[in-house]
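Here is the structure we will look at, set down as C-alpha cells.
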Amino acid sequence: MSEDLARRLRQIRETGGRSLRDLERSLHVSSSSLSRYLTGQAVPPWSVVVGLCQVAGVDPRPLRPLWEAGKRGPRVGPAVTVTRNDLPYDITTFTGRQEELAAMLTAARADRVVAIDGMGGVGKTTLAVHAAHRVTSDYPDAQLYLDLHGFTPCRDPVEPAEALRILLAALGVPSGRIPEAVEERAALWRSELAMRRAVVVLDNVAGQAQVRPLLPGAGSSIVLITSRRRLVGLGDAHAVSLDVLGPREAADLFGAALGDARAQDSPALEEVLRRCGHLPLVLGVAAARMRHRPAWTLETLAEYLREGDLGTSGCCRCRCATSTTGSTACSACSAWRPAWT
C-alpha cells in the first residue's frame, strides 16, 4: 500500500480527533483492521476511506488516486521476516510437573491463553519457559519473553504501554509506526499477532489489569502467563496452579541439579528437602552450593541449612525486605520461608 495514502489517513483521523474505539463503532470495522489500514499494512476498502473522511469532515475525492495506486501495488506482509526467539535458557534438569505440563500444552492449543499461578520459588517461570520451548516448532514465527516485574523487589511493574512498545519492537514494527495511546498499541499488537503463529511468555505479572492489553485477538498465537496471583478476571484463560513439589519430585530435582551421587541413600536428604520447603528455586540453589563444594556431604548441607549460615533473603511469597535465619515464618505474610534463595 502507498505510504502516502497511509499518512493521509492518519492525518484525517487526527483531524477528526476520534479514537480507534469510536471509529470502530462508527464505521463497523474492527480496531485491529483500522490499525492495519492506518499503519500501511493493508489497503482499506474505499467505503472505509469515505467513512473516515466523513467523520473528519474531509472531502474523500482527492484520495481516490492514492487509493487506486495502493490497490494496484503489492500488499505489505508482516513487518518482520526473521524469526525472533528471545526465550530464556531451558534448564536441562527440568524434573517433575509432567501432569501440569501436559495440561498446559493441551490448554494452550485450545484456549490460547494459560495463566500459571503459585507462590514465589515454586517454579512458574521454569515451567512456562520449558513449555514454550516444547512448542516452538508449532509456533515458528516468533517466540517472545517479557518479564513484567510485577513482584520484583525495588522495581516498579512494567506499564502496559511500555510492555506493548517492547513487544511490537520485538516483532519488527518500526518505532515511528507504534502509536502513543495504550488502546491503539494493543490493537496494533493484536493485528500483528493475527498474522503470525507466535508463542509469548509474559512472566511475573502483577495482575490482570497489567496483562489484559497484551492478550491476543484473532489468529493462532498463544500466551503463557505467570503470576503470584490467580488471574480470575481473564475470561477464558486456562488456570494452572502450582504447589510445592512432592517428596519424590523434590528428591529427583535435587539429585538432577546436584549431578553426582552424594544425594543417594543419605539419611540427611529428607531434612535438606524439608528445610528447602520442597521449592524448586531453593532446591536448585542448594544443589548449586553443594555442587561447587565437592567436600560437602548432605549432612554438611543440612547443618548449614539448620544453622542458617548460607545467607539471608526475603520471603519467597511476598518478597518482604526483612531477613531471618533458619526456617521461620515471614513477619509480613506469615508464610514459611527458607533462610536463603
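The values are calculated or read from the model by the stated rules, or taken from the named source; none is laboratory data. As the structure is a prediction and not an experimental result, all values here were calculated from the model. Cβ: placed from backbone, ideal geometry, glycine included. Neighbour counts: every protein chain shown. Side chains are part of the model used for accessible areas, which takes the heavy atoms of the whole protein and leaves out ligands, DNA and RNA. Shrake-Rupley method; radii C 1.70, N 1.55, O 1.52, S 1.80 Å.
Remarks
Here's the yes/no breakdown for (1) aliphatic (A, V, I, L, M); (2) within 14 Å of Ala163 (Cβ to Cβ):
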site: Ala198; (1), (2): yes, no
site: Arg212; (1), (2): no, yes
site: Ser221; (1), (2): no, no
site: Gly233; (1), (2): no, no
site: Asp236; (1), (2): no, no
site: Ser241; (1), (2): no, no
site: Ala250; (1), (2): yes, no
site: Arg262; (1), (2): no, no
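- Meets criteria (modelled with pLDDT under 85, among the polar types (S, T, N, Q) and open to solvent by less than 40 Å² (accessible area, probe 1.4 Å)) for Thr95: yes
- The residues of the stretch 25-34 that are in a helix (DSSP H, G or I) and modelled with pLDDT of 80 or more, listed by number, are Arg25, Ser26, Leu27, Ser33, Leu34.
- In the stretch 265-321, the qualifying residues are those that are modelled with pLDDT of 70 or more, under 32 Å from the mean Cα position of the chain (by Cα) and not in a helix (DSSP H, G or I), and the one that is surrounded by the fewest Cβ atoms within 10 Å (Cβ to Cβ) is His278.
- Residue check for Gly40: on the phi > 0 side of the Ramachandran plot and in contact with an Asp or Glu (Cβ under 6 Å, 6 or more places away or on another chain): yes
- Among the candidates Ala194, Ala169, Ala131, Ala198, residue that is under 26 Å from Leu281 (Cα atoms) and of a type in the set (A, V, I, L, M, F, W, C): Ala131
- Residue, surrounded by the most Cβ atoms within 10 Å (Cβ to Cβ), within the stretch 196-220, restricted to residues that are polar (S, T, N, Q) and modelled with pLDDT under 90: Gln208
- Within the stretch 155-179, the set of residues being outside any loop (DSSP other than H, G, I, E, B) and open to solvent by less than 20 Å² (accessible area, probe 1.4 Å) comprises Ala163, Leu164, Leu167, Leu168, Ala170.
- The set of residues in the stretch 34-69 that are closer than 24 Å to Val173 by Cβ and hydroxyl-bearing (Ser, Thr, Tyr) comprises Ser35, Tyr37, Thr39.
- Among residues of the stretch 114-125 that are of a type in the set (Ser, Thr, Tyr), those with a beta-carbon under 7 Å from a residue that is buried (at least 22 other Cβ atoms within 10 Å of the Cβ) at least six positions away or on a different chain give the pairs Thr125/Thr226.
- Count of the stretch 2-45 residues which are free of Cβ contacts under 8 Å to residues at least 60 places away in the same chain, closer than 13 Å to Glu184 by Cβ and of a type in the set (A, V, I, L, M, F, W, C): 2
- Residue selected from the stretch 60-88 under the condition exposed (fewer than 12 other Cβ atoms within 10 Å of the Cβ) and closer than 22 Å to Ile166 by Cβ, by the criterion modelled with the lowest pLDDT: Thr81
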